[in-house]
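Working notes, beginning with the structure itself.
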Amino acid sequence: MSKTTSKKFNPDVIIELQNADINVNDGLAYLLTLYYGIPTTIFPMMLKNKIDACGIFIEGIIDTGSSWKIPLFVDDNYSNFEWVNDYRNLFKQYNPERTGSKQIVLARMKKLFSQYPHIRKDDVMEATSLYLKSQSNGRYITTAERFLYKDREGSPILDWIEKAAEIKAVKTHKNNIDII
């Protein structure tokens, strides 16, 4: 008897297909051909164009996953967002009313990572700590979810990630000078 391995489709991909009014089974079948590099002519151009417009992958560099803006399959690296509770707890330490909804924080965190793939968990945690330490009164801090995205105002965390990187660069430079 042969042993088979199974992969689970990323629910974010399914949501993107549904939002684009694409039949999920047709969309997943087409995406599988892209993922595994299987040439095919059976899919209508309209389906291909709709999927391309979703921005699930970067066209022209399709391979086994490295060019996908939204991973096709759930794997340990993508689905392991348990640390979001640690992120929310940082806010809780300053003001328990600012922890935000876990579901909304998780959705916004995934959105942040899909739009800015160079950002990592450590960047988020460092930037959040820097922001919270800069606030003199916990009553006035933003919520965990709004720190990631404020409706149409963008993402405040991006500025704090940049500030944290600048501070880290200055410290590294200073340490290098001290060594000399």
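Odds and ends about this structure:
- Scanning the range 86-119 for residues that are in contact with a helix residue (DSSP H, G or I) (Cβ under 7 Å, 6 or more places away or on another chain), polar (S, T, N, Q) and at pLDDT below 90 gives a single hit, 101.
- Among the residues of the range 135-154, those identified as in a helix (DSSP H, G or I), over 10 Å from residue 98 (Cβ atoms) and among the charged types (D, E, K, R) are 151, 152, 153.
- Count - residues of the range 84-105 that are farther than 12 Å from residue 146 by Cα and of a type in the set (A, V, I, L, M, F, W, C): 2
- Residue in the range 147-157 that is surrounded by fewer than 13 Cβ atoms within 10 Å (Cβ to Cβ) and at positive phi present: yes
Each row is one residue, and each column tells you yes or no for (1) touching a helix residue (DSSP H, G or I) at 6+ places or on another chain (Cβ under 7 Å); (2) among the polar types (S, T, N, Q); (3) at pLDDT 90 or above.
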residue: 126; (1), (2), (3): yes, no, yes
residue: 134; (1), (2), (3): no, yes, yes
residue: 141; (1), (2), (3): yes, no, yes
residue: 154; (1), (2), (3): no, no, no
residue: 159; (1), (2), (3): no, no, yes
residue: 162; (1), (2), (3): no, no, yes
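- For the range 35-67, the tally of residues that are surrounded by 15 or more Cβ atoms within 10 Å (Cβ to Cβ) and either under 14 Å from residue 14 (Cα atoms) or modelled with pLDDT under 90 (or both) stands at 7.
- Checking the stated criteria, residue 19 turns out not to satisfy the condition of being modelled with pLDDT under 90 and either in contact with a Lys or Arg (Cβ under 9 Å, 6 or more places away or on another chain) or surrounded by 14 or more Cβ atoms within 10 Å (Cβ to Cβ) (or both).
- For the range 134-142, the count of residues that are closer than 30 Å to residue 12 by Cα, among the aromatic types (Phe, Trp, Tyr) and out of contact with any Leu (no Cβ under 7 Å at 6 or more places or on another chain) is zero.
The values are calculated or read from the model by the stated rules, or taken from the named source; none is laboratory data. As the structure is a prediction and not an experimental result, all values here were calculated from the model. Here the Cβ is made from the backbone with ideal geometry for all residues, glycine too, and neighbour counts use every protein chain on show.
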